[in-house]
Amino acid sequence: MLLVVDFNVVFSALVTRSKSRLVFELNDVFHKFEFISMQYMYSELDDNLDKLLSLSKLPRGEISEVLEFIKRSVEIMPFKVFEDKAKEAMSLAPHLKDVPYVALSLKLDCKIFSGDKGIKRCLPDRVVTPAGAIDILLGRIAP
């Protein structure tokens, strides 16, 4: 199952041993999801690095290890792949920062792996939450 990875699940995975991190770890074993995103997600992480470090209870080295693990799990798609969906995504996304994720989801007709309540509210049928992803990975619900 193809999933667009939203910034918030990666941020959450880096801050604590959250459900988001568990999804990446379980998927490394069960291989039920193909994660994709765009370079923009990593730019967002760079922009929020100080916040990430202040909120995290993890040593900087562990954060780096987890980020490298996630990067190996997520294929990066160039903007040109989904730029034609940006205008449509602007009308659907709750915030400007969400537009690239929504555009990629529209272009590839897949869901977004996100814990963002705004995206879930605006696009309820297009979001897989961390808890929902765990249920899929463990076979409790169908994809």
Checklist entry - Within region 9-30, is even one residue touching a residue at least 60 places away in the same chain (Cβ under 8 Å), outside any helix (DSSP H, G or I) and closer than 19 Å to ALA131 by Cα? => result yes
Next on the checklist: Out of everything in region 14-28 that is of a type in the set (Ser, Thr, Tyr) and modelled with pLDDT under 95, what residue ends up being nearest to ARG140 (Cα to Cα)?
Outcome noted: SER18
Checklist entry - What tally of residues in region 12-50 results from selecting those that are closer than 18 Å to SER64 by Cα and under 9 Å from the mean Cα position of the chain (by Cα)? => result 2
Checklist entry - Going by the structure shown, is ASP84 farther than 23 Å from LEU26 by Cβ, over 14 Å from the mean Cα position of the chain (by Cα) and not β-branched (Val, Ile, Thr)? => result yes
Item to check | Answer residue from region 44-74, given it is among the hydroxyl-bearing types (Ser, Thr, Tyr) and assigned to a helix (DSSP H, G or I) and is farthest from MET1 (Cα to Cα) among those | outcome: SER54
Checklist entry - Taking region 93-111 as the search range and keeping residues that are crowded, with 23+ Cβ neighbours inside 10 Å and within 12 Å of the chain's Cα centre (by Cα), which one is farthest from ILE134 (Cα to Cα)? => result PRO100
Checklist entry - Would a scan of region 53-65 turn up a residue that is surrounded by fewer than 20 Cβ atoms within 10 Å (Cβ to Cβ) and within 20 Å of THR129 (Cα to Cα)? => result no
Checklist outcome for this item: When region 44-77 is checked residue by residue, the ones that are at pLDDT below 80 and among the aliphatic types (A, V, I, L, M) are LEU49, LEU58
Checklist entry - Which residues, counting only those in region 31-43, are part of a helix (DSSP H, G or I) and surrounded by 19 or more Cβ atoms within 10 Å (Cβ to Cβ)? => result MET41
Checklist entry - Does VAL81 fit the bill of being crowded, with 20+ Cβ neighbours inside 10 Å, part of a helix (DSSP H, G or I) and of a type outside the set (Gly, Ala, Ser)? => result no
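The values are calculated or read from the model by the stated rules, or taken from the named source; none is laboratory data. Just so it is clear, the structure is predicted and the values come from calculations on it, not from any experiment. Here Cβ is always computed from backbone atoms with ideal geometry, including for glycine, and neighbour counts include all displayed protein chains.
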